[in-house]
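Undergrad: Would you mind keeping the following structure in view while I ask a few things?
The values are calculated or read from the model by the stated rules, or taken from the named source; none is laboratory data. Computed from a prediction, not measured in an experiment: that's the story for all the values here. Because the Cβ atoms are built from the backbone with ideal geometry, glycine has one as well, and the counts that use them run over all protein chains shown. Each accessible area value is taken on the protein alone, full model and side chains, heavy atoms only, with ligands, DNA and RNA left out. Shrake-Rupley method; radii C 1.70, N 1.55, O 1.52, S 1.80 Å.
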Amino acid sequence: MIRTTALAVLLAASFPAFTAEQAKAKVDLAKAKEIAEGVCVACHAADGNSPTSANPIIAGQIPEYLYKQLSNFKAVDGKPAVRNNAIMGGMVAALSDEDMKSLSVYFSRQKMKPSVAKEEKLLAEGKTLWRKGDFDKGVPACAGCHGPAGAGLPVQYPRLAGQYAEYTASQLRTFRSHERANDSEKVMRQIAGKLSDQQINAVAEYAAGLR
């Protein structure tokens with residue numbers, strides 16, 4: 001656990017800080033609300049509580065993490081986006097850096113309507129993975145980076161508590177296949193690569209029930 005926590009702190013320190021001072025100086029919540037209601041609403045709902053598990057709940061998410069993801073979806077200077085997603089790439093194409101910061105703060109301040117765990121038979125296995133990991137496979141405890149209650153760590157480790165299990169599982173699979181590759185030092189790709197489908201489903205289900 002100590003080694004896992006130290007890794008989380010080290011990796012978080014490697015990202016540019018999205019400080020409270022920066023947010024206060026540059027965000028435009030009124031404009032962000034307009035963008036949310038005119039653009040983001042179709043997939044995430046205007047308040048960030050996506051109505052379907054195909055899209056993540058972003059209400060109450062860590063603003064630093066949201067900003068990083070929006071930035072990663074955006075192609076810059078003719079280079080491909082770090083996080084390849086045709087739909088999100090189109091959504092962020094016209095957004096300025098200030099727009100993305102503003103949206104990140106805006107959605108972080110919306111009240112999350114959490115999902116719930118549905119597959120009780122998976123919860124025991126998910127709880128073990130979350131709290132202890134899988135020593136035999138070299139999988140660290142999820143709590144080491146995402147927190148015991150799933151609250152996450154600013155910049156790169158998102159809040160997973162209450163997130164749709166289906167969405168969390170889908171992202172773990174894209175990390176496992178390297179389809180998603182915007183994790184620092186390949187941490188999530190390495191971890192997900194060691195997980196079976198059942199383990200992915202179990203830990204995603206457990207996270208959905210965290211508060």
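Undergrad: Report the gain in length on full extension from Phe135 to Lys26: 0.36 nm times residue separation, minus Cα-Cα distance, nm rounded to one decimal.
TA: On the way: separation 109, 0.36 × 109 = 39.24 nm, distance 4.45 nm.
Fully extending the segment from Phe135 to Lys26 adds 34.8 nm.
Undergrad: Same structure again: Glu34 to Val116: FRET efficiency via 1/(1 + (r/R0)^6), r the Cβ-Cβ distance, R0 30 Å, to the nearest 0.05? Don't skip to the answer; put the middle values down first.
TA: On the way: r = 32 Å, r/R0 = 1.05.
So the FRET efficiency works out to roughly 0.40.
Undergrad: With +1 assigned to the C-beta of every Lys and Arg and -1 to the C-beta of every Asp and Glu, and no other charges, what is the dipole magnitude of the chain about the Cα centre in debye, to the nearest 20? Mind dumping the intermediate values first?
TA: Details: 27 positive and 21 negative charges, 74 e Å.
Charge dipole, the chain, about its Cα centre: 360 debye, nearest 20.
Undergrad: Accessible area per residue for region 24-178 in Å², computed with a 1.4 Å probe and the full protein assembly in place, what is it?
TA: On the way: 7990 Å² over 155 residues.
Per-residue value: 52 Å².
Undergrad: Right, something else. Taking the Cα centre of each part, how many Å lie between region 52-84 and region 134-211?
TA: Centre-to-centre (Cα) distance: 17 Å.
Undergrad: Would you work out what percent of the accessible area of the chain, with all protein chains in place, is carbon or sulfur (probe 1.4 Å)? Let's see the in-between values first.
TA: On the way: 6410 of 11100 Å².
It is 58 percent, rounded to a whole number.
Undergrad: Mind grabbing the accessible area of Tyr67 for me, 1.4 Å probe, Å², rounded to tens?
TA: About 50 Å², ignoring ligands and nucleic acids.
Undergrad: Let me ask another. Any of Lys26/Lys68; Lys31/Lys101; Lys31/Lys113; Lys68/Lys127; Lys74/Lys101 with alpha carbons more than 18 Å apart? Name them for me. Provide the component values of the computation, followed by the final result.
TA: Details: Lys26/Lys68 16 Å; Lys31/Lys101 11 Å; Lys31/Lys113 23 Å; Lys68/Lys127 28 Å; Lys74/Lys101 13 Å.
Violating the 18 Å limit, Cα to Cα: Lys31/Lys113; Lys68/Lys127.
Undergrad: A follow-up question, please. Please list Val139, Val27, Val76 in order of solvent-accessible area, largest first, computed with a 1.4 Å probe with all protein chains present. The partial results should precede the final answer.
TA: Numbers: Val139 10, Val27 35, Val76 75 Å².
My answer, sorted largest first, is Val76, Val27, Val139.
Undergrad: List the residues whose amide H sits under 5 Å from the amide H of Val139, counting only those 5 or more places along or on another chain, with H placed 1.01 Å from N in the peptide plane.
TA: Asp134
Undergrad: For the charge dipole of the chain, defined by +1 on Lys and Arg C-beta atoms and -1 on Asp and Glu C-beta atoms about the Cα centroid, which residue among Asn72, Ala124, Ile191 has the Cα displaced farthest towards the positive pole?
TA: Value: Ala124.
Undergrad: Continuing with the same structure: Could you give the length gained on full extension between Ser196 and Lys127, defined as 0.36 nm per residue of separation minus the Cα-Cα distance, in nm? Display every interim value, and only then the final one.
TA: On the way: separation 69, 0.36 × 69 = 24.84 nm, distance 1.54 nm.
Gain on extension, Ser196 to Lys127, equals 23.3 nm.
Undergrad: How large are Rg and Dmax for region 57-173 when only the alpha carbon atoms are used, in Å?
TA: Using the Cα atoms of region 57-173, the pair Rg, Dmax is 16.0, 48 Å.
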